[in-house]
Structures are given as C-alpha cells and as structure tokens.
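Here is the structure we will look at.
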Amino acid sequence: MKFRTIRSKILFYIGVFNVILFAIIITTILVFSNIFYKRTFRENAKVVVNLTRTEISEIFQSYFVSSPLRFKEKISSLLESHPSLEQILIISPNGKIVFDSDELKGLTYTTGLAEKYKIKNFETSELDNECLDFVVPVLNDRGILVNTIVYRFSKSPIRKFRNFVIIFSLLAFSVLAGFGIFYVTLVTKPIVKNIEKLKKIAENIEQGNYSVRSNIKSHDEIQYLSDTFNSMLESLVTYIYNLKSMVHELEQRDRSREELLARISHEMRTPLTVSIGYIDLLKTGKLGSITDKQRESLELILKNLRRLEEETRNLLKSTQMALNAYRLNITEFEIEPVINRILENFASDISKKRLNVQLKLEHKTITSDEEHFYYILSNLISNAIKFSYNDGEIIIKLKEETDNSERYFTLTVFNTGDKIPEEELPKIFEPFYQIESKESLSLSGVGLGLYIVKRATEVLKGHVEVQNLDNGVEFKVYIPRVNHEEDSSNRR
C-alpha cells in the first residue's frame with residue numbers, strides 16, 4: 001500500500017492499532033460480562049427455585065385434584081411474578097408428566113419429555129441452548145418421592161444482555177475511533193505542515209536555490225532539524241562561494257597557461273622555420289660544398305626539426321582550441337591533395353616501416369573547414385603510423401552516411417596493430433595521454449594528436465568513434481554535411 005503523505009501513514013497505523021486494541025477490549029468485556037451475567041442469572045434462578053418449590057408442592061397437593069382452576073390460577077400468578085420463569089413441569093414418580101404450565105397458554109407438551117427428568121436429586125441441567133432447567137424432587141415425611149418439579153428458565157435475558165454489550169461496545173469503539181482520528185489529525189497537522197516546509201526547502205536546494213531558510217518554531221525535534229537545515233545551508237553557501245572562487249582562479253590560471261603556451265608555440269615557429277630553411281640551403285650546397293657525411297647529418301637534423309615543428313604546430317592548435325581562438329572557414333575542397341600532402345610529410349616513417357597505404361574515397365570533394373580537416377586527418381595518420389606493425393597496412397576511407405536522420409561525411413582510418421585495451425578507450429582523447437606500446441617507441445610525441453582530433457571534430461559539430469577490430473584499430477570521424485553557401489563566419 002502506497003502512502004502519499006505522512007498524515008495518512010500515521011492515521012493508518014493508529015487505525016490498525018485502535019482496531020486491534022478495541023477488538024481485544026470488546027472481546028474481553030463480552031466474554032467476562034457474559035460469564036458474570038450468566039452466573040448471576042443462574043444464581044437468581046436458583047433463588048427463585050428455592051423460594052417457590054415448597055409453595056408449588058403445597059399448592060399442587062392442596063388444589064390440583066380438588067380445585068384445578070384454583071391451582072392453575074396460583075401457577076399463573078407465580079409465572080407472572082417471575083418473567084424469566086418460562087415453564088413449570090410436575091412429573092409423577094413413574095415419570096409421567098402430571099402438569100405442564102404450557103397448558104395454560106393453550107400449548108401441548110411433547111411426549112417423551114418426562115424421560116429426561118428421571119432424576120431423584122436436586123440438580124441443574126441445560127438440556128438445550130434455549131432454557132436453563134432445575135430438577136427438584138419433592139419428598140414426603142418418610143423420604144419417599146412424591147413428584148418432581150421441573151423449572152424451565154428462558155435464556156433470552158442472557159442473549160439480550162450479550163447483544164446489548166456488543167452494540168454498546170461497537171458504539172464505544174466508533175466514538176473512540178472517531179475521537180482518535182480527530183485527535184491524531186489535530187496533533188499531526190502542525191507536524192505534517194512543518195515537514196512539508198522542510199520538503200519544499202529540500203526541493204529548492206535540489207534546484208540550486210540556496211537562499212531559502214526555514215523558520216519553524218515548534219520547540220521539538222523538527223525545529224532542531226530545521227535549525228540544522230539552516231546551518232547546513234549557511235555552510236553550503238560558504239563552501240559554494242569558496243569553490244566558485246577556486247574554480248574561477250583555476251580557470252584564470254588555465255587560461256594564462258594556455259595563452260603562455262600559445263605565445264611560446266608561436267614564437268618557436270619562426271626560428272624553426274628559419275632553421276629549416278638554412279638547413280635546406282646547406283643541403284643544396286648554395287652556402288658551400290658539403291661532404292656526404294655532413295649531408296646525412298643535415299638530413300637527421302632536418303628530420304628532427306620538422307618533427308619539432310609539427311609538435312609545435314599541434315601544441316599551438318590545441319591551445320587555440322582550448323581558448324576558442326579560432327574561426328571556421330567553410331569551403332569546398334578536394335580530398336586527395338590534402339591526403340597526399342599529409343602522406344608526403346610522413347613518407348620517411350611510412351617507408352621505414354614498409355607500410356601499405358590504401359585510399360578508398362567515394363567522394364573527391366568535401367565541404368568543411370580545410371584546416372581543421374587537415375589536422376584531423378594528419379593526426380589520425382600519424383597515430384596509425386605510430387602504432388602499426390612493420391609491413392602493416394593503413395586504409396583511409398571517405399564516404400557519406402546517415403546517422404540518426406543526419407547526413408555525415410565519414411572519414412575512417414584503419415591500421416593493423418595491437419588493440420587498444422578496453423580500459424584505455426575512454427582516456428585516449430584526453431590531452432597529454434599516451435598509450436605505452438613497443439611500436440610507439442620509434443616515434444616521439446606529447447599526446448596531443450587524438451585530443452586535437454576530438455576537439456577539431458567537435459568544432460565542426462561532429463563526433464569521433466574508435467573500435468578494436470580483429471587485426472587492428474579503426475577511428476571513424478563523423479563530419480556533418482553542410483552546404484557551400486553556409487555562412488562560415490557564424491560558426492565558432
């Protein structure tokens with residue numbers, strides 16, 4: 001059974017308790033009063049018998065034969081003076097009914113009834129549930145049985161008394177139950193009202209309103225709870241204020257850090273570009289002839305400088321995204337030139353691992369932000385090269401799909417290699433997070449590649465998925481299909 005309010009629950013339990021309690025009380029009163037009344041009735045009937053048995057015997061001997069009318073008159077008078085005395089029987093010594101008072105009422109007695117009363121001692125018997133019988137033997141002076149008088153008392157007064165007790169108990173129960181419900185309702189009304197106040201305060205807190213306060217003055221445990229609520233709210237408001245201050249301070253620090261990283265990354269790009277340019281000049285011999293050994297050294301320096309330039313570019317891109325310091329430029333561009341430019345940058349790493357790169361492009365052009373698309377694909381290919389086996393395979397796909405009634409360009413990059421541990425999957429898109437792998441030791445990195453993929457995809461209002469396949473790992477980027485005419489200046 002469900003309860004909507006505390007009051008209904010209290011009334012229910014008190015009602016059950018009252019029903020049980022009053023049922024016990026009524027049953028007890030009924031049983032004991034019935035026993036007491038029955039005993040009293042029996043004693044009174046016995047008194048009547050003791051007072052009248054000699055009189056009836058004398059009347060019977062004096063008038064029954066000589067003056068029957070006089071005898072019947074006397075018996076009628078006796079019956080009228082004792083309403084509970086229903087019937088008088090006089091039985092001869094041989095068991096024959098000599099007189100039955102029912103004859104006075106025009107009734108006939110039942111034959112064979114006398115056999116029930118062949119008793120020679122004074123005793124009480126209850127031959128049925130309707131009457132209480134007293135059997136009284138009448139003896140002469142010599143102790144010889146003259147006749148037997150049977151008194152039959154009706155039990156209707158007992159039944160009437162029992163019914164009276166039941167009705168009275170039910171009335172008393174109704175009155176007491178009604179009073180109990182009224183009293184409980186009266187007592188619980190302020191309690192329930194105060195609890196409702198606390199409930200509303202809790203609902204306000206749940207909705208983020210911490211300015212509410214409780215003003216209950218009931219001078220009991222509920223007031224103590226109310227005061228505790230207020231103290232808790234005061235502490236909570238203080239904690240929230242301090243927490244907001246800390247969060248604001250941390251956000252300011254993060255922004256300052258991102259701005260510093262962006263500035264450093266930007267400043268590093270210029271000397272790196274100049275250094276790469278001079279090394280290219282040295283390699284061509286325009287600044288003087290060089291030996292083969294020197295050319296190999298310059299190749300190694302150039303390779304590391306370009307890798308440093310790429311990581312610097314990634315760091316700058318990630319800080320720009322963290323600071324929302326970017327502006328989309330939606331255009332329609334061809335896919336293959338972008339892919340070829342990226343593969344050219346990683347040509348030496350692809351050659352070193354002898355990787356087989358396959359392109360499966362169902363579309364030659366795409367409408368999106370070319371720079372963001374470049375960073376997404378570049379970092380996915382870099383990640384695929386890093387974790388591919390030697391003599392492995394990289395497959396790049398582009399096609400159009402529909403997901404949840406939305407049309408997307410799906411860019412898929414698959415590489416053969418170790419599967420990503422399931423517990424690592426939720427973490428790989430976090431900044432500066434790297435998975436330890438023997439295949440990744442040959443390439444360095446700071447763990448920003450997949451973070452840039454996720455952030456750049458979200459900037460384009462898409463999403464990225466990763467799954468382990470039987471022989472490798474597949475990254476799938478969903479880029480919403482947009483019209484070329486869409487105003488890119490409104491997209492941030």
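Summary of computed values
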{"read-out": "Packing rank of 215-227, 369-381, where each peptide gets the mean count of other beta carbons within 10 Å, highest leading", "value": "369-381, 215-227"}
{"read-out": "For the stretch 16-28, Karplus couplings with θ = phi - 60° (6.51, -1.76, 1.60), whole Hz, Gly/Pro x", "value": "4, 4, 5, 4, 5, 4, 5, 5, 5, 5, 4, 4, 5"}
{"read-out": "Separation in nanometres of the label points that stand 7 Å from Cα toward Cβ, at I181 and D141", "value": "7.6 nm"}
{"read-out": "In order through the stretch 30-47: 3J(HN,Hα) via Karplus (6.51 cos²θ - 1.76 cosθ + 1.60), integer Hz, x for Gly, Pro", "value": "4, 5, 6, 5, 5, 4, 5, 5, 5, 5, 4, 4, 5, 5, 5, 4, 5, 4"}
{"read-out": "Probe 1.4 Å - accessible area at S76, Å² to nearest ten", "value": "40 Å²"}
{"read-out": "Distance violations [Cα-Cα > 31 Å] among K200/K454; K283/K419; K360/K386; K364/K454; K293/K397", "value": "K200/K454; K283/K419; K293/K397"}
{"read-out": "T27-S348 pseudo-label distance in nm [points 7 Å out on the Cα-to-Cβ vector]", "value": "9.9 nm"}
{"read-out": "For F99, residues with placed amide H under 5 Å, excluding near neighbours", "value": "I90"}
{"read-out": "Heavy-atom accessible area order for L21, L89, largest first, 1.4 Å probe", "value": "L21, L89"}
{"read-out": "Computed accessible area, H363, all protein chains, 1.4 angstrom probe, square angstrom", "value": "50 Å²"}
{"read-out": "Where Y239, Y37, Y151 fall by accessible area, highest first, once all protein chains stay in place (1.4 Å)", "value": "Y239, Y37, Y151"}
{"read-out": "Rounded accessible area of V31 (nearest 10 Å², 1.4 Å probe)", "value": "70 Å²"}
{"read-out": "Accessible area (Å², per residue) of the stretch 340-411, counting only protein heavy atoms and a probe of 1.4 Å", "value": "48 Å²"}
{"read-out": "Largest-first ordering by accessible area, 1.4 Å probe, given options S405, S348", "value": "S405, S348"}
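The values are calculated or read from the model by the stated rules, or taken from the named source; none is laboratory data. This one's a predicted model, so the numbers in the text were calculated from it and none came from an experiment. Positions of Cβ are backbone-derived with ideal geometry, glycine not excepted, and every protein chain shown enters the neighbour counts. What goes into the accessible areas is simple: the full protein's heavy atoms, side chains included, and nothing from ligands, DNA or RNA. Shrake-Rupley method; radii C 1.70, N 1.55, O 1.52, S 1.80 Å.
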